[in-house]
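Student: Please see the structure below; I have some questions.
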Amino acid sequence: MLNETRLTASFLVLMLLAACEGSPIDPTDPAGLVPSAGILVFARADYRGPYRSFVRDVSDLSLVDDEPRPAASECATKIFGQEYWTDCVSSIRVADGWQAVLFVHDTFRGDSLTVTSDIPDLSRIPLPPLGIPQDSIRNWDDVISSIRVLR
């Protein structure tokens, strides 16, 4: 009975820790979450935090409101009432044979990036410069507003 109680308590602690952390994924774990179809986007680098699976195009990530949702602290500064997954993607996993085209603006507008393999940290992928001095820090972290998902 005592071992059963300890096992139940250990399981509950693990569940609570997972809920507090979002959806932690250990990228060094070979059994880690990998999509069998489409893509997975994560709110944090290294495939951590809340994540969402897509097998179809998403013209506006601000409308993706189902759970899990990224916390405000996991996203870029929100403007004009943007919420949910808009400007909240920091890493991406791509299933074999699939690709994603990421867009800075909704309805597949603005700068785009075609992704054919996993990217653990989108902050390492530069965006094309706009020609202003502070633009040298522009990257793909927390700027994605729509995604085309292709097989």
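Student: Mind giving me the nanometre distance, one decimal, between the label points for Ala72 and Thr114, set 7 Å out from Cα along Cα→Cβ?
Tutor: Here the answer is 3.9 nm between the modelled labels.
Student: Would you please give the residues with an amide H less than 5 Å from that of Ile144, counting only those at least 5 places away or on a separate chain, with H modeled from the backbone geometry?
Tutor: For Ile144, the qualifying residues are Asp87, Cys88, Val89.
Student: Between Asn139 and residues 5 or more places away or on another chain, which pairs have amide H atoms under 5 Å apart, with H built 1.01 Å from N, and which residues are they?
Tutor: Amide H neighbours of Asn139, under 5 Å, 5+ apart: Leu127.
Student: Calculated FRET efficiency, Ile125 and Leu63, Cβ-Cβ r, R0 25 Å, to nearest 0.05? Intermediate values should be presented prior to the final figure.
Tutor: On the way: r = 25 Å, r/R0 = 0.99.
The pair Ile125/Leu63 has a calculated efficiency of 0.50.
Student: What list of ³J(HN,Hα) couplings, whole Hz, do you get for region 47-61 from phi and the Karplus terms 6.51, -1.76, 1.60, once you set θ to phi - 60° and write x for glycine and proline?
Tutor: 6, 10, x, x, 9, 9, 9, 9, 10, 10, 4, 10, 7, 7, 5
The numbers here are math on the coordinates, done by the rules we state, and not lab data. Since the structure is predicted, the reported quantities are computational estimates derived from the model, not experimental observations. Quick reminder, even Gly has a Cβ in these numbers, built from the backbone with ideal geometry, and neighbours come from all protein chains shown.
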